[in-house]
């Protein structure tokens, strides 16, 4: 850990949860029905819950991004060719706006701010930058899935917008441990890396 411990301001710090949604994590969700999961991804809610409880008590923010497939004519979702090739099982009703599948998993509810997103980055064509600015948030502790996709893209986009970024190394996961570790090493070049326990301890120091 670094001197970040002494400079944490809970009121301007948010835990940014990337895409920990029912359609990704719940057995009844879109990915669960297709058998697309990993033990590392499934373990994230339990690991993150103590941190979020501490953040709430310390007066910090919790921001949740919701990967969303917007419906078009007849309710058929707009799905990029790239995603359709990777995940051919996705279809009508999956990740639909305001649906159960689109929602943050119950264990981590509630967030203070929810932001729908349509691509890897939570900043791409969303209201993310607007709401963070209005909330006075300057530091983002990023967690969620997948490390090499939504997490990495969001951290890098936050960095170029001059937010302080802290990636929670064991608060993120990918579909393989090797992919996760490679992404974490790469993200160390644009921001700080720490564990969930280290982040929790930082907030506890302000309670």
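Remark: residue 100 falls outside the filter, which requires a residue to be surrounded by 17 or more Cβ atoms within 10 Å (Cβ to Cβ) and either under 23 Å from residue 142 (Cα atoms) or modelled with pLDDT of 95 or more (or both).
Return yes or no: is residue 106 out of contact with any strand residue (DSSP E or B) (no Cβ under 9 Å at 6 or more places or on another chain), at pLDDT 95 or above and either surrounded by 23 or more Cβ atoms within 10 Å (Cβ to Cβ) or under 20 Å from residue 68 (Cα atoms) (or both)? Answer is yes for this residue.
Within the stretch 183-193, take every residue that is in contact (Cβ under 8 Å) with a residue 24 or more places away in the chain and more than 19 Å from residue 137 (Cα to Cα) and give me the one that is surrounded by the fewest Cβ atoms within 10 Å (Cβ to Cβ). Per the criteria, the residue is 186.
Among the residues of the stretch 132-146 satisfying the criterion of being touching a residue at least 40 places away in the same chain (Cβ under 8 Å) and assigned to a helix (DSSP H, G or I), which is surrounded by the fewest Cβ atoms within 10 Å (Cβ to Cβ)? Applying the filter and picking the extreme gives 135. The number of residues in the stretch 158-182 that are crowded, with 20+ Cβ neighbours inside 10 Å and more than 23 Å from residue 49 (Cα to Cα) comes to 2. The condition (being modelled with pLDDT of 95 or more, assigned to a loop (DSSP other than H, G, I, E, B), touching a strand residue (DSSP E or B) at 6+ places or on another chain (Cβ under 8 Å) and surrounded by 17 or more Cβ atoms within 10 Å (Cβ to Cβ)) is satisfied by just one residue among 16, 69, 51: 69.
Residues that are at pLDDT 95 or above and within 14 Å of residue 22 (Cβ to Cβ) do occur in the stretch 114-131. Residue check: residue 27 meets all listed conditions (1) buried (at least 16 other Cβ atoms within 10 Å of the Cβ); (2) assigned to a loop (DSSP other than H, G, I, E, B); (3) modelled with pLDDT of 95 or more but one, namely (1).
The values are calculated or read from the model by the stated rules, or taken from the named source; none is laboratory data. All values reported here derive from a predicted model rather than from experimental measurement. Because the Cβ atoms are built from the backbone with ideal geometry, glycine has one as well, and the counts that use them run over all protein chains shown.
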